[in-house]
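Please treat every number below as a calculation from the coordinates, not as lab data. Quantities reported herein were computed from a predicted structural model and do not represent experimental measurements. Methodologically, a virtual Cβ is constructed for each residue, glycine included, from the backbone with ideal geometry; neighbour enumeration extends over all protein chains shown.
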Amino acid sequence: MSETNSETAEPRREPPVVQSITTGDIIDCLGKGVRDFQSAPLYGLFFGGFYAAAGWLLAYLFYTLEINYYIYPMATGFAMLAPFVAAGLYEVSRRLERGEPPAWGPVLTMMRTAGGKDLGWMVLTTTFAYIIWLDIAIALYVIFFGLNPVNLYGLLEAIVTTPMGALFFLIGNAVGLVLAMVVFSITAVSFPILFDRDVDFVTAMITSVKTVLQNRRPMLIWCAIIGVFFAVSLLSVFVALIVVLPILGHATWHLYRRAIAPAEATGAAAQS
């Protein structure tokens, strides 16, 4: 009976193996991200345009609802949702890597089917973190400014001209930075893993954290590059996202390929 069970049982899925990378790998992956965008610009512009349009829509809603104080945290935390929005770009990079021409059908199908329920849980996790950030931002606003609404220009004036406003800005950004680092750690390579491997979302997040911890310096540089790119996008009122998202999305795929050992290598190591 035990032999039968062992024969019919599903093979145990080995967890992805993290590899060491260097700062040079980060720069090289970024360069490959630019080349992938140049090779298939329509796909990048489509996903980047969709992401930018979502930002414009949220900013417009917050402005028309007169909750202007939500606009800045919404914009700064918007990067938390980027790994999922860029998911279609992972398939584009994978096809280019294999020498296959990208096609809309496979790219959109892969977005819908890859990862299954585990991808949904990953999206839920990052969306929850984004909502938590917005809640923290409004709580800080109430602490510093009370329940009286302040329009966007009044808030900017308070931040620039008053000690209380400056303290609000500094504390808010410090809290946001901590939360952003946590989200970065669990999503740095988790979305590409879910798209490329048969693993659950917990394993994907744990592997992502291991990747960051094992490669602290290069991953901190990668995080800083993402931060600079999104700061430029914020200053451009999301316009730069149309180009920034595809470059970072393609680069994330190549970073995943550098930082995580191929599945066949993982299986061979487990058998040995």
Task: Most fluctuating residue given options Val18, Val178, Val243, as computed from a GNM of the chain linking Cα atoms under 10 Å - done: Val178
Task: Exposed trypsin sites (Lys or Arg not before Pro) absent: longest stretch of the chain, with sites in DSSP loops and at most 10 other Cβ within 10 Å deemed exposed - done: 99-272
- [ ] Considering only Ala129, Ala53, Ala166, give the residue with the highest GNM mean-square fluctuation for the chain, with springs between Cα atoms whenever their separation is below 10 Å.
- [x] Ala166
TODO: Please give the helix 241-259 orientation as an angle from the longest Cα principal axis of the chain, in degrees from 0 to 90, rounded to the nearest 10.
DONE: 40
TODO: Using mean projected area of the Cα convex hull in nm² as the read-out, say which of (1) 13.7; (2) 17.6; (3) 15.7 was calculated from these coordinates.
DONE: (2)
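Could you tell me which of rounded, prolate or oblate describes the range 156-234, using a ≥ b ≥ c as the square roots of the eigenvalues of the alpha-carbon gyration tensor, with rounded for a/c under 1.5 and, failing that, prolate when a/b is larger than b/c and oblate otherwise?
prolate
Relative contact order of the chain: what whole-number percent is it, with Cα pairs under 8 angstrom and at least 6 residues apart?
On the way: 301 pairs, mean separation 110.6, N = 272.
It comes to 41 percent, rounded to a whole number.
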Open item on the list: Cut-off 10 angstrom, C-alpha nodes, Gaussian network model of the chain. Which of Gly227, Gly77, Gly249 fluctuates the most?
Closed with: Gly227
TODO: Can you grab the distance from the C-alpha centre of the range 25-45 to the C-alpha centre of the range 123-193, Å, no decimals?
DONE: 30
Open item on the list: What is the angle, in °, between the Cα long axis of helix 23-39 and the longest principal axis of the Cα atoms in the chain? Nearest 10 is fine, range 0 to 90.
Closed with: 90
